[in-house]
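Here, each number is a calculation from the coordinates, and none is a lab measurement. The structure displayed is predicted, hence computed values, not measured ones. Note that each Cβ is placed from the backbone with ideal geometry, even for glycine, and that neighbours are counted across all protein chains shown.
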Ligand SMILES: Cc1cc2nc3c(=O)[nH]c(=O)nc-3n(C[C@H](O)[C@H](O)[C@H](O)COP(=O)(O)OP(=O)(O)OC[C@H]3O[C@@H](n4cnc5c(N)ncnc54)[C@H](O)[C@@H]3O)c2cc1C
């Protein structure tokens, strides 16, 4: 997603881009999540993550409206945000935004009909409604981003090392190609690519890429593994499932078309500093428990499916996160590593953030001032030690 979004931002400005990936096809990493929620992080004090997600949502939705098929690839369904408070995590009260508020038209208090559709009581509810929220299929989004003659996707290209050529001033990337030899195991060959600018968009591989390829510190970036639980909808259950996405304590999305019929998705788990991709029953149980807290009535409706393990499927992936929960983007170090840029650490919000962040990366590559507030840009900048 990060690589595709940067490639698209650059070719739209006249650049030519090669996108190298270890995997054969796009969306092999975290961006292979079958469906994701696009929403704002609503905070009464409009913190940096709120500012970023609000702008990011608008960029993603504008692209989806122009390039994707609504109802198939994405849905402008709105998002109900549950604000489930407990004694340890009280929620700040939310005032209905006035017309001059940054939140106006983005977030309102949830209405009785929305709560009712989700099987929730309106009594003492502090839940929010994001009318511009959506669900989206990342694979469709990435395919649309990559559909340009000026982007060349090169799969099975692992960047193993890279250095600046003293002769040309370009970055030279050594590429490892894994080859399966029938009956003899596997082998590999090497080629190289060179370019004046390189954007690292290596997702959860970023900490090890920084350490092992560039011999740089990992900037506190770390992996967070997650499992989504999902199932195909029974016709009889469908009318009990909300038409909009729900988040705030894990998330729930239903009525997502797949080749086998409409599906629902919930989760995901959040295993910090873990990179495992193995589906577990424990993770399904965790997702079931969280769904019972997020949407008790929906959880009851789907109980017969949860009780039959064969009906619950899993998708596992690994996000990359930063210490301050904001993406890391822009030049790595303009003095020591000129021409080297990055877009990573989008955490659980890559679908909301990638297109906006890619514009910032492209602005910085072209020496333009990005439109985001300076404090926000600073909070996202790469922090490598000076020489
Ligand atoms: C369980 C789960 C649920 C999620 N749900 C949501 C959601 O509801 N909403 C939302 O907005 N976001 C969600 N996300 C987050 C979102 O998926 C990520 O933020 C986003 O996909 C990250 O994109 P990326 O391009 O940075 O990383 P990735 O998609 O992981 O891509 C990194 C790519 O780099 C390649 N690579 C790595 N090292 C090398 C190398 N040395 N050489 C060549 N290629 C290399 C990999 O092969 C991979 O293709 C979820 C993530 C997970 C795991």
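Collect the residues in region 243-262 that are touching a helix residue (DSSP H, G or I) at 6+ places or on another chain (Cβ under 8 Å), more than 15 Å from residue 313 (Cα to Cα) and away from the ligand (no atom under 16 Å from the Cβ), keeping them in residue-number order.
Within region 243-262, 243 is the sole residue that qualifies.
Within region 263-274, can you find the residues that are within 12 Å of the ligand (Cβ to nearest atom) and not in a loop (DSSP other than H, G, I, E, B)? Let's see the steps before the verdict.
Let us first name the residues in region 263-274 that are within 12 Å of the ligand (Cβ to nearest atom), namely 265-271, 274.
Once the filter is applied, which keeps residues that are within 12 Å of the ligand (Cβ to nearest atom) and not in a loop (DSSP other than H, G, I, E, B), region 263-274 yields 265, 266, 267, 271.
Please determine, by comparing only the residues of region 337-367 that are out of contact with any helix residue (DSSP H, G or I) (no Cβ under 8 Å at 6 or more places or on another chain) and within 26 Å of residue 16 (Cβ to Cβ), which one is farthest from the ligand (Cβ to nearest atom). Reasoning before the result, please.
Applying the first criterion (out of contact with any helix residue (DSSP H, G or I) (no Cβ under 8 Å at 6 or more places or on another chain)) to region 337-367 yields 337-340, 347-348, 363-364, 366-367.
Next, only the ones that are within 26 Å of residue 16 (Cβ to Cβ) stay: 337-340, 363-364, 366-367.
On the way: 337: 16, 338: 21, 339: 17, 340: 14, 363: 19, 364: 17, 366: 21, 367: 24 Å.
Within region 337-367, the match that is farthest from the ligand (Cβ to nearest atom) is 367.
Only residues that are more than 7 Å from the ligand (Cβ to nearest atom) and within 17 Å of residue 140 (Cβ to Cβ): list them for region 33-51, please. So that I can check it myself, show each step before the final result.
Step one: list which residues in region 33-51 are more than 7 Å from the ligand (Cβ to nearest atom), which gives 34-35, 39-51.
Matches in region 33-51: 34, 35.
Against the conditions (1) within 22 Å of residue 346 (Cβ to Cβ); (2) buried (at least 20 other Cβ atoms within 10 Å of the Cβ), where does residue 291 fall short? Just the number, please.
So residue 291 meets the others, but not (1).
Name the single residue, out of those in region 196-211 being in contact with a helix residue (DSSP H, G or I) (Cβ under 7 Å, 6 or more places away or on another chain) and in a helix (DSSP H, G or I), that is farthest from residue 166 (Cα to Cα). So that I can check it myself, show each step before the final result.
At the first step, the residues of region 196-211 found to be in contact with a helix residue (DSSP H, G or I) (Cβ under 7 Å, 6 or more places away or on another chain) are 197, 199-204.
From what's left, in a helix (DSSP H, G or I): 203-204.
Working: 203: 29, 204: 31 Å.
In this case the residue turns out to be 204.
Hey, residue 10 hits all of (1) more than 13 Å from the ligand (Cβ to nearest atom); (2) part of a helix (DSSP H, G or I); (3) under 30 Å from residue 314 (Cα atoms) but one; which does it fall short on?
(3)
Go through region 318-338 and give me each residue that's in contact with a strand residue (DSSP E or B) (Cβ under 6 Å, 6 or more places away or on another chain) and either under 14 Å from residue 30 (Cα atoms) or in contact (Cβ under 8 Å) with a residue 60 or more places away in the chain (or both). Lay out the reasoning, then the answer.
Pass one, region 318-338, residues in contact with a strand residue (DSSP E or B) (Cβ under 6 Å, 6 or more places away or on another chain): 318-322, 328-332.
The answer is 318, 319, 320, 321, 322, 328, 332.
What number of residues within region 302-311 satisfy the criterion of being surrounded by fewer than 21 Cβ atoms within 10 Å (Cβ to Cβ) and touching a helix residue (DSSP H, G or I) at 6+ places or on another chain (Cβ under 8 Å)?
Kept after step one, since they are surrounded by fewer than 21 Cβ atoms within 10 Å (Cβ to Cβ), are these residues of region 302-311: 303-311.
Imposing the further condition that a residue be touching a helix residue (DSSP H, G or I) at 6+ places or on another chain (Cβ under 8 Å) reduces the set to 305-306, 309, 311.
Total meeting the criteria: 4.
Checking the condition under 29 Å from residue 17 (Cβ atoms), assigned to a loop (DSSP other than H, G, I, E, B) and touching a helix residue (DSSP H, G or I) at 6+ places or on another chain (Cβ under 9 Å), which residue from 125, 148, 121 passes?
Values: 125 fails: under 29 Å from residue 17 (Cβ atoms); 121 fails: under 29 Å from residue 17 (Cβ atoms).
Step by step, each of 125, 148, 121 is checked, and only 148 is under 29 Å from residue 17 (Cβ atoms), assigned to a loop (DSSP other than H, G, I, E, B) and touching a helix residue (DSSP H, G or I) at 6+ places or on another chain (Cβ under 9 Å).
Restricting region 133-144 to residues that are part of a helix (DSSP H, G or I) and within 11 Å of the ligand (Cβ to nearest atom), which is surrounded by the most Cβ atoms within 10 Å (Cβ to Cβ)?
Initially, region 133-144 is screened for residues part of a helix (DSSP H, G or I), giving 138-144.
With within 11 Å of the ligand (Cβ to nearest atom) added as a condition, the list becomes 138-139, 141-142.
Working: 138: 23, 139: 18, 141: 27, 142: 23.
Applying the filter and picking the extreme gives 141.
For a quick check of your reading of the model, give me the residue pairs whose first member lies in region 72-90 and is on the phi > 0 side of the Ramachandran plot, whose second is surrounded by 10 or more Cβ atoms within 10 Å (Cβ to Cβ), with beta-carbon atoms closer than 6 Å and at least 6 apart or on different chains.
Within 6 Å, the pairs are 78/131; 78/133; 78/244.
Inspect all residues belonging to region 68-79 and state whether any of them is in a strand (DSSP E or B), within 14 Å of the ligand (Cβ to nearest atom), under 30 Å from residue 276 (Cβ atoms) and touching a helix residue (DSSP H, G or I) at 6+ places or on another chain (Cβ under 8 Å). Reasoning before the result, please.
Kept after step one, since they are in a strand (DSSP E or B), are these residues of region 68-79: 70, 74-75, 79.
When the remaining residues are screened for being within 14 Å of the ligand (Cβ to nearest atom), the result is 74-75, 79.
From what is left, the residues that are under 30 Å from residue 276 (Cβ atoms) are 74, 79.
The next check asks that each one be touching a helix residue (DSSP H, G or I) at 6+ places or on another chain (Cβ under 8 Å); those that pass are 74.
Yes.
Can you tell me how many residues within region 18-40 are crowded, with 19+ Cβ neighbours inside 10 Å and assigned to a loop (DSSP other than H, G, I, E, B)?
Total meeting the criteria: 8.
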